[in-house]
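Here's the structure we're looking at; comments come further down.
The values are calculated or read from the model by the stated rules, or taken from the named source; none is laboratory data. Because the structure is a prediction, the values reported are computed rather than measured. Cβ sites come from the backbone with ideal geometry, for glycine too, and all protein chains shown count toward neighbours.
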2 protein chains.
Amino acid sequence: MSGFSLAVDAMGGDAAPRMVVDGLAIAAERHPGASFLLFGDEKRVAPLLAHHRRLATAQLRHASEVIGNDTKVAAAMRMRQASMRLAIDAVARGEAAGVISAGNSGALLALSKVVIKTLPGIDRPAMAAIGPSARGDIVMLDLGANVTCDTRNLVEFALMGDVFARTVLGLTSPTIGLLNVGSEDVKGDETLREAAEALRASHLAPQFHGFVEGHDIAAGTTDVVVTDGFTGNVALKTGEGALRLVGQLLRQVFNASIASRLAYLLARPGLARLREWLDPRRYNGAVMLGLNGVVVKSHGGTDAEGFAHAVDVAMDMVTHGFNEGIRDGLARIGRLETRHGSADADAS
Amino acid sequence: MSGFSLAVDAMGGDAAPRMVVDGLAIAAERHPGASFLLFGDEKRVAPLLAHHRRLATAQLRHASEVIGNDTKVAAAMRMRQASMRLAIDAVARGEAAGVISAGNSGALLALSKVVIKTLPGIDRPAMAAIGPSARGDIVMLDLGANVTCDTRNLVEFALMGDVFARTVLGLTSPTIGLLNVGSEDVKGDETLREAAEALRASHLAPQFHGFVEGHDIAAGTTDVVVTDGFTGNVALKTGEGALRLVGQLLRQVFNASIASRLAYLLARPGLARLREWLDPRRYNGAVMLGLNGVVVKSHGGTDAEGFAHAVDVAMDMVTHGFNEGIRDGLARIGRLETRHGSADADAS
């Protein structure tokens, strides 16, 4: 029915391959037409697949190698028979529209860039993810693919973030913010100011909110937050860390006395909803944007439910035409540069 | 008894001068020997002072101008009779050991640098603050004074953060982490790698933990987190924003039903402690480190309790010899560079 396949690295992740197969089974229930192409150790994966009637149509192909979490990228590049590599190859060949892996992030990023390749017109792919905010889910990028970024990169991230918010969050006109610091005098370096100018002169101008600050991420001031990979990585992990700290402290509070345990029972439905709402598994699936195919990275430590969410993200991107949206956007940005040129200033 | 004065900008802050005077009264109770030198509009401040017996010995000097939150730094520099300026002048003259202001951050930073001047041997002052973590209070710097930093700056920040953690948190051997991103392959740019090398070769080596990531801030992996002002500003505000979001959501949970209101009452002591522990007022007082005097910036929107905390920080820094500690540290770092040179590579 869906007419496309998703390639799955069955061996990536701390609890693979069982977690992956169980996660796929959950996803298969939500996407009955989905067609999965698994790559992994046949002896280990086949018996797991046999447990799930919903995965009866999933194809399994043997992969004799596994890229570990500690495998260096250079070594990973040479492992032609690794499950991750074969899954990526399937996308490069056009056999699958996207790939999902909970394995080594650095290897997935590097292999995807080399094998699947960057979309024509995109200078550098970026890592994006969805997170919670006071005003609903938001998209942030880059989360670590590019430690330093120039003006052109930031403009491309804004473009990709826009299309991602449309295709995965279903927004019709997502607002876009450029992450910066607060004080008047230190506001932005040259690159950020140029990127803001370029966005104000682009077709994204009506959606561009201007600069936002760290606290605007959780406040949900804009639907898309654009930043370089260093800042984005730190901001993501700082926010996650703060949420985790409060979670620990709340657990202590509710375990402190009999009265507080009773309090927990009384407030349980609301607390459970809050917990579910902030559940990292619900936001599992960082996405490599800007490649000739959909690449979704699941957290290595996630469980089956989390992996199923990562599959959902890949599914949304393929069915809602993420890469077609990028191509359209690039064509419009491209025309803009012919007129203005500034956005291209420090692109290599 | 204490033998030094603190200069206070009575007109800085959203609720000034009342908030400032009330805050000083709270601080005066905690520091009975303290001597305060207030600068502000005599007609407005004198009647407020008269309300507080504890401030009977505080001196008030008239200032005919006030630097507003929207005043541009260039304009602020010319306002010689502004309350903030006169308070800073008192430090430069040696009449006061430190200054506290809840006014315009950019103006305070710029005026302090120009008037009080940087400590000999310090290339660039940094903004530091204390925050909560799972393992106790931690220090983070720079929080926005320097958008871009070189290796030498980061090494100096580590040195100043170490002395700050000793003098204000009372730690005897604080651990130090350099904020970086996670993935092996993108780990750090050249500046960060060089700073790590320089720290490993310095007298701070036994305390240097190496690179830390965003989630290590709230986890309290190290007592001091060192980063450039752009990243630090974003991380601080992102963490604050995440905590605020959870606070809002918890309020909704406890207001959702009669049962959940009852739950709140039952868990109240623990929740109140948690709230107090995370209370931004408790962490009020960002500090400009690396100047010839103590400069503490209070949040503009704080209340009297928060302002009193900012006074506490200034008091700790003066009484525990913060600047003497910096001078000692610089002497040791200085010798190191004569041998290695690398830490000085891109210092201007």
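Got a number for residues in the stretch B:38-81 being outside any loop (DSSP other than H, G, I, E, B), within 14 Å of another protein chain (Cβ to nearest Cβ) and more than 15 Å from B:Asp9 (Cβ to Cβ)? Before you say what the answer is, go through the steps one by one.
Step one: of the stretch B:38-81, the residues outside any loop (DSSP other than H, G, I, E, B) are B:38-40, B:42-50, B:53-55, B:59-62, B:65, B:73-78.
Imposing the further condition that a residue be within 14 Å of another protein chain (Cβ to nearest Cβ) reduces the set to B:73-77.
Now drop any that are not more than 15 Å from B:Asp9 (Cβ to Cβ), which leaves B:73-75, B:77.
So the count comes out to 4.
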Within the stretch A:80-106, which residues are within 12 Å of A:Met288 (Cβ to Cβ) and either in contact with a Leu (Cβ under 9 Å, 6 or more places away or on another chain) or at pLDDT 95 or above (or both)?
-> A:Ile88, A:Val91, A:Gly98, A:Val99, A:Ile100, A:Ser101
Unmet criterion (only one of (1) aliphatic (A, V, I, L, M); (2) crowded, with 21+ Cβ neighbours inside 10 Å; (3) at pLDDT below 95) for B:Met140 = (3)
Which condition does A:Gly177 not pass, out of (1) of a type outside the set (Lys, Arg); (2) surrounded by fewer than 24 Cβ atoms within 10 Å (Cβ to Cβ); (3) within 18 Å of B:Thr238 (Cβ to Cβ), if it passes all the others?
-> (2)
Only one of B:Asp223, B:Asp228, B:Asp216 is of a type in the set (D, E, K, R), surrounded by fewer than 22 Cβ atoms within 10 Å (Cβ to Cβ) and assigned by TED's automatic domain parsing to the domain that holds B:Ile333, namely B:Asp216
How many of the residues in the stretch A:1-39 are surrounded by 20 or more Cβ atoms within 10 Å (Cβ to Cβ) and on the phi > 0 side of the Ramachandran plot?
-> 1
Name the pairs whose Cβ atoms lie under 7 Å apart, with the first residue in the stretch A:205-226 and within 11 Å of chain B (Cβ to nearest Cβ) and touching a residue at least 24 places away in the same chain (Cβ under 8 Å), the second charged (D, E, K, R) and surrounded by fewer than 21 Cβ atoms within 10 Å (Cβ to Cβ), and 6 or more positions between them or separate chains?
-> A:Ala218/B:Arg244; A:Gly220/A:Arg135
Residue check, B:Gly300 against (1) over 14 Å from the mean Cα position of the chain (by Cα); (2) more than 7 Å from chain A (Cβ to nearest Cβ); (3) under 21 Å from A:Val212 (Cα atoms), all met but one. Which one?
-> (1)
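Out of A:Leu289, A:Leu278, report the one residue that is surrounded by 24 or more Cβ atoms within 10 Å (Cβ to Cβ) and either more than 15 Å from B:Leu271 (Cβ to Cβ) or away from chain B (no Cβ under 11 Å) (or both).
Criteria check complete, one pass: A:Leu289.
Can you pull out every residue in the stretch A:245-262 that is over 18 Å from B:Val246 (Cα atoms) and within 8 Å of another protein chain (Cβ to nearest Cβ)?
Of all residues in the stretch A:245-262, those over 18 Å from B:Val246 (Cα atoms) come to A:255-262.
Hits for the stretch A:245-262 are A:Ala256, A:Ser257, A:Ala259, A:Ser260, A:Leu262.
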Among (1) within 23 Å of the chain's Cα centre (by Cα); (2) more than 7 Å from every other protein chain (Cβ to nearest Cβ), the one test that A:Arg193 misses = (1)
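Being touching a residue at least 40 places away in the same chain (Cβ under 8 Å) and away from chain A (no Cβ under 14 Å) narrows it down to one residue among B:Leu199, B:Leu178; which is it? Even if it seems obvious, please write down each step before you answer.
Values: B:Leu178 fails: away from chain A (no Cβ under 14 Å).
So the residue among B:Leu199, B:Leu178 that is touching a residue at least 40 places away in the same chain (Cβ under 8 Å) and away from chain A (no Cβ under 14 Å) is B:Leu199.
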For the stretch A:57-108, what are the residues that are closer than 20 Å to A:Thr319 by Cα and free of Cβ contacts under 8 Å to residues at least 24 places away in the same chain?
-> A:Thr57, A:Arg93, A:Gly94
